[in-house]
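A.B. asks: So that we are looking at the same thing, I have put the structure below in structure tokens.
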Amino acid sequence: MSNYSYIALIPLLPLASFILLGLWGRKYFKTSAGIIGTASLLASTLLSLYAAYSYFFVDGKINGAYGKVEVLKYTWLQFSPGLSIDMGFLLDPISIMMIVVVSFVSLMVHLFSIGYMKGEERFATYYSFLGLFTFSMLGLVLSTNIFQIYIFWELVGVSSYLLIGFYYDRPSAVAAAKKAFIVTRFADFGFLIGILILGFYGGTLDFGTLLQRLTSIQSSEFISITRASFLGVSMLTWGLLLVFMGGAGKSALFPLHIWLPDAMEGPTPVSALIHAATMVVAGVYLVARLFPLFAMDDAALQVVAYAGILSALLAAIIACTQTDIKRVLAYSTMSQIGFMMFALGVSGYGESKGLGYTASMFHLFTHAFFKSLLFLCAGSIIHLVHSNDMKNMGGLRKLMPVTHFGFLIACLAISGIPPFAGFFSKEGILMATYESNKFIFFIALFTSALTAFYMFRLYFSIFWNKEASTEKTHHGEGSLSMKVPLIILTACSILAGFVPFSKLITTDGIPLEEHMNLLFSIAPVGLALLAILLAANLYKKANTRPQKLSQSLGTLYIAAKRKFYIDEVYLFITQKVVFNLIGRPAAWIDRNIIDGSVNLLATVTGKTSQGIKGLQSGSVQNYALYFFSGIAALAVIFIYLWK
């Protein structure tokens, strides 16, 4: 077996970049920070690709399955002989896939940012934050221990806070960073409780041991966690649902999705990293990592499945009404993450167990390429027109040929049009869903068609619709460092679907025989093509049909444009209910009872001190007076007692 000790360098190189640029970047590396950051990610990416090659093609399968390799594992905190927090790196098919995706997409973002962020005052700081973000995500996916994953999980949260709020002089960016941080903290609190429940009943925090104990129906740990219950629900279900709560917060699933559109306040390349390869896919990875445990509990899987399909549908409907290019892509991400989640949810039951898991991971893989391409193309467009609003765009295909071609390919891929990458992964999801849950399948089919519609609504509004203003022509598409990532990601969006994914990544490491069913593909591809034609009819040329359509939809359109008033519901709950009914009484108790008690004690102490401080005046005459007064008092007492 290969020596994988070099795996440690994959996350440590971005960490070194973060430390170097964070401490000395603004002083010594103000202009070269981009090159240093990009070089560190290039090295990490090459090591990740080499690790993938060694794992899948050199070491290969052991007894017909890809095994698990633990590297540089050591005990950090020992709680009891069987319970400890171990730090190390776990290599298995999904962690190998994830380090390739994270490092590669991060490399593209680093390279693109050299041109996009050129001239920024905090250029070195930006690259240091990117290094921290990448380190956090790489550490998360390589974790051997469920508590180790939680540590890096929180580091991902901190990194996103720093990058979303990068433009700290903008109130909207500061508010967006705080919103993302606070919402995900609530979710992470549930995640922590879930970790404690699973760790307590499993008697370990190590992934391998935990899954072995809690998935064996004969083990005492499994019997214990399934027999114990709270409110009539087994502790296994509670533990998994609370862990999923953390994943839903990070992956912006309904109803914890409200932070995602506001996260667009950060630099556009950051959005590519958050939405394609890091933060939002962390929740999908978490459920996949614990999937053998989820597969033991149908109730938890049902929640995962229905939360996923609801998020996918809701986000797709909202995306059809938005006019901010980055917000459309943000809701698109939420919808695609929903696809990955419900694919995992339906994978544990039905006729094709395991197919949904593989399809979900495949979609995570392909989505990383075309979604990062979409966001980086959006960055080029914004760089040209200096606006996020689609109304300020149109006719840009001639001014931006590279961006136009890349955006078109990415739109075809996300719409599930063959032979682009998204077609293969999305067909796998729809096939698995069809065999497991017909109700979810038909909603997914409709949502898939909506995806094609809103993406090509975006495409035609940006690149066709009207003639571009000639005053923008001198800007061009940006520097070579901005074009090269677009070209590379375009190639990946075309070719990634041909990776024999089902032979590499499955629930048990054993290759899965998967066959394309062309007859099955007629419906999803046909509906997607009809949706594209509808979008072309409405948005390819400027006309009044979109306005008439929106008016005919009336209340539904207004509600979708206002994001179904979910933000308003949160504001009502927090400001009217939590602040008024809980916050204000708590503040009154704190101010009047807690502070009042402390202040009263301080006042009594002060008054007492004021009253007796004369006893220690330092005056000899006063001391003599007290002395003789005491003698006189004693004498009177003595005479009285003597009688």
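A.B. asks: Quick check on my filter: what residues within segment 496-515 are in contact (Cβ under 8 Å) with a residue 24 or more places away in the chain and assigned to a helix (DSSP H, G or I)?
C.D. replies: Residues satisfying the conditions are Ala496, Gly497, Phe498, Phe501, Ser502.
A.B. asks: Looking for something in a loop (DSSP other than H, G, I, E, B) and either more than 24 Å from Lys503 (Cα to Cα) or over 25 Å from the mean Cα position of the chain (by Cα) (or both) - is there at least one such residue anywhere in segment 353-372?
C.D. replies: Step one: filter segment 353-372 for residues in a loop (DSSP other than H, G, I, E, B), giving 353-354.
From what is left, the residues that are either more than 24 Å from Lys503 (Cα to Cα) or over 25 Å from the mean Cα position of the chain (by Cα) (or both) are 353.
For segment 353-372, residues in a loop (DSSP other than H, G, I, E, B) and either more than 24 Å from Lys503 (Cα to Cα) or over 25 Å from the mean Cα position of the chain (by Cα) (or both): present.
A.B. asks: Considering each of Gly247, Gly239 in turn, give the residue that is surrounded by 24 or more Cβ atoms within 10 Å (Cβ to Cβ), under 28 Å from the mean Cα position of the chain (by Cα) and either polar (S, T, N, Q) or more than 20 Å from Tyr161 (Cα to Cα) (or both). First the steps, then the outcome.
C.D. replies: Working: Gly247 fails: either polar (S, T, N, Q) or more than 20 Å from Tyr161 (Cα to Cα) (or both).
Every option except Gly239 fails the conditions.
A.B. asks: Here is a further query. Given the conditions (1) of a type in the set (S, T, N, Q); (2) in a loop (DSSP other than H, G, I, E, B); (3) within 21 Å of Phe370 (Cα to Cα), and given that Ser493 satisfies all but one, which numbered condition is not satisfied?
C.D. replies: Here Ser493 clears every test but (2).
A.B. asks: Kindly check whether there is at least one residue in segment 397-410 that is more than 25 Å from the chain's Cα centre (by Cα), more than 15 Å from Ala531 (Cβ to Cβ), crowded, with 22+ Cβ neighbours inside 10 Å and of a type in the set (Ser, Thr, Tyr).
C.D. replies: Yes.
A.B. asks: Looking only at segment 339-352, count every residue that is in contact with a Phe, Trp or Tyr (Cβ under 8 Å, 6 or more places away or on another chain), small (Gly, Ala, Ser) and either assigned to a helix (DSSP H, G or I) or within 20 Å of Phe424 (Cβ to Cβ) (or both) and tell me the total.
C.D. replies: First, the residues of segment 339-352 that are in contact with a Phe, Trp or Tyr (Cβ under 8 Å, 6 or more places away or on another chain): 342-345, 347-348.
Next cut, small (Gly, Ala, Ser) only: 343, 345, 347-348.
From the residues that got through so far, the ones that are either assigned to a helix (DSSP H, G or I) or within 20 Å of Phe424 (Cβ to Cβ) (or both) too are 343, 345, 347.
Number satisfying all stated conditions: 3.
A.B. asks: Could you list all residues from segment 217-241 that are farther than 17 Å from Ala300 by Cα, in contact with a helix residue (DSSP H, G or I) (Cβ under 6 Å, 6 or more places away or on another chain) and either modelled with pLDDT of 85 or more or in a helix (DSSP H, G or I) (or both)?
C.D. replies: Across segment 217-241, the qualifying residues are Glu221, Ser224.
A.B. asks: Exactly one condition in (1) assigned to a helix (DSSP H, G or I); (2) under 29 Å from Gly88 (Cα atoms); (3) in contact with a Gly (Cβ under 8 Å, 6 or more places away or on another chain); (4) of a type outside the set (Lys, Arg) is false for Gly199; which is it?
C.D. replies: That leaves (3) as the condition not met.
A.B. asks: If you take the residues of segment 420-455 that are among the charged types (D, E, K, R) and under 15 Å from Ala359 (Cβ atoms), which of them is modelled with the lowest pLDDT? Spell out how you get there, then give the answer.
C.D. replies: Filtering segment 420-455 down to residues among the charged types (D, E, K, R) leaves 426-427, 435, 438.
Of the ones still in play, those that are also under 15 Å from Ala359 (Cβ atoms) are 426-427, 435.
Details: Lys426: 91, Glu427: 90, Glu435: 86.
Ranking the candidates gives Glu435 first.
A.B. asks: Any idea which of (1) over 20 Å from Asp86 (Cα atoms); (2) touching a residue at least 60 places away in the same chain (Cβ under 8 Å); (3) not small (Gly, Ala, Ser) is the one Val158 doesn't satisfy?
C.D. replies: (2)
A.B. asks: Kindly establish whether Ala444 is under 29 Å from Leu344 (Cβ atoms), under 26 Å from the mean Cα position of the chain (by Cα) and surrounded by fewer than 16 Cβ atoms within 10 Å (Cβ to Cβ).
C.D. replies: Working: under 29 Å from Leu344 (Cβ atoms): yes; under 26 Å from the mean Cα position of the chain (by Cα): yes; surrounded by fewer than 16 Cβ atoms within 10 Å (Cβ to Cβ): no.
In short, no.
The values are calculated or read from the model by the stated rules, or taken from the named source; none is laboratory data. Computed from a predicted structure; not experimentally measured. Using ideal geometry, Cβ is built from the backbone for each residue, glycine included, and neighbour counts are taken over all protein chains shown.
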